[in-house]
1. Based on the Cβ-Cβ distance from T240 to E62, what FRET efficiency comes out when R0 is 22 Å, to the nearest 0.05?
2. Under a plain spin-label model, where a point goes 7 Å from the Cα along Cα-to-Cβ, how far apart in nm are R232 and A116?
3. Of H137, H69, which has the most accessible area with a 1.4 Å probe, and how do the rest follow in descending order?
4. Could you give each residue of region 184-190 its phi-based ³J(HN,Hα) in whole Hz, using Karplus coefficients 6.51, -1.76, 1.60 with θ = phi - 60°, and x for Gly or Pro?
5. So, by mean Cβ neighbours within 10 angstrom, what's the order for 128-136, 189-197, 27-35 with the highest one leading?
6. Give the carbon-plus-sulfur fraction of the accessible surface of region 190-230 in %, rounded to a whole number; probe 1.4 Å, heavy atoms of protein chains only.
7. Hey, with R₀ at 45 Å, roughly what FRET efficiency would A150 and Q45 work out to, going by the Cβ-Cβ distance, to 0.05?
8. Please report the carbon-and-sulfur percent of the accessible area for region 64-137; probe 1.4 Å, protein heavy atoms only, DNA, RNA and ligands left out.
Amino acid sequence: MIGREKLHEGKAKIVYSTDDPEVYLQDFKDSATAFDGKKKGTIQQKGRMNNAISARLFTLLEKAGVPTHYLQTVSETGMLIRRLDMFQVEFVVRNIAAGSLCKRIGYLEGTPLKKAPVVEYYYKDDGLGDPLLCQSHLEELAVVDPEDLAETTRLSRLVNSVLKEFFAARGVTLVDFKLEFGKDATGAVRLGDEISPDTCRFWDIATGKKLDKDRFRRDMGDVEDAYEEILRRVSSEPGTVV
Ligand code: TMP
Ligand code: ASP
């Protein structure tokens, strides 16, 4: 049976158990938060759109050699996923300066990064506000051991090269994004969570228009349309987007 017991409710998703202890149901919600939950709202149809976008991108990444937790789409807002023991780290990959990087190193938004992709590690701890970790902090906290850190970093870079090319062929610049990894029952590292306009920055190549959650964070309007546009682009064949 699907959706047996609610195991965890986050800001954007609910995870349920199923009859198989190694398989969970991940259900995407319309609710949206930003700035550590200080800003709250609803993005109509977001659950449906993020479920479809994530499924498409997980499938693409699996084919390109990135193991993911995705198993199967089971409803408009739900997908079956493999149970993972998650690392308490968020991996942020950046090609172009935006968001917190601009505040941290003083670059103007839109500056291409000379050392792209820049990979950053954040401690998943709401009480601390998910702080940026340096190498010594990672070693001190021991939240990811050295081999797993090497593997998650390698996979983060591979995800970037696959998605950058995929989106460029559909008229979208992949500015930056956040990933979460965990280990499956066999001990293998897999990509978990979601990949959606909630967790990535997407800019239209032709117009520079933001097609992601920054429209919600910064009250820019047209939020639902931006998510719908990303769904349309990821569902399209390369070079066919007008
Ligand atoms: P940042 O510039 O705010 O650090 O965000 C970098 C990328 O990570 C951006 O694509 C948004 C994504 N992100 C999340 O998915 N969750 C978060 O909690 C934060 C802070 C960023
Ligand atoms: N997801 C985070 C929050 O809920 C931050 C963000 O995406 O801006 O606060």
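The values are calculated or read from the model by the stated rules, or taken from the named source; none is laboratory data. Remember, it's a predicted structure, so these values are computed and weren't measured experimentally. Neighbour counts run over all protein chains shown; Cβ positions are idealised from the backbone, glycine included. Surface accessibility is based on the protein's heavy atoms, side chains included, excluding ligands, DNA and RNA. Shrake-Rupley method; radii C 1.70, N 1.55, O 1.52, S 1.80 Å.
1. Efficiency at R0 = 22 Å is approximately 0.45.
2. 2.5
3. H137, H69
4. Once rounded to whole Hz, the list reads 7, 4, 8, x, 7, 6, 9.
5. 189-197, 27-35, 128-136
6. C and S atoms contribute 45 percent here.
7. On the way: r = 39 Å, r/R0 = 0.87.
The value I calculate is 0.70.
8. Details: 2030 of 3800 Å².
Result for region 64-137: 53 percent of the exposed heavy-atom area is carbon or sulfur.
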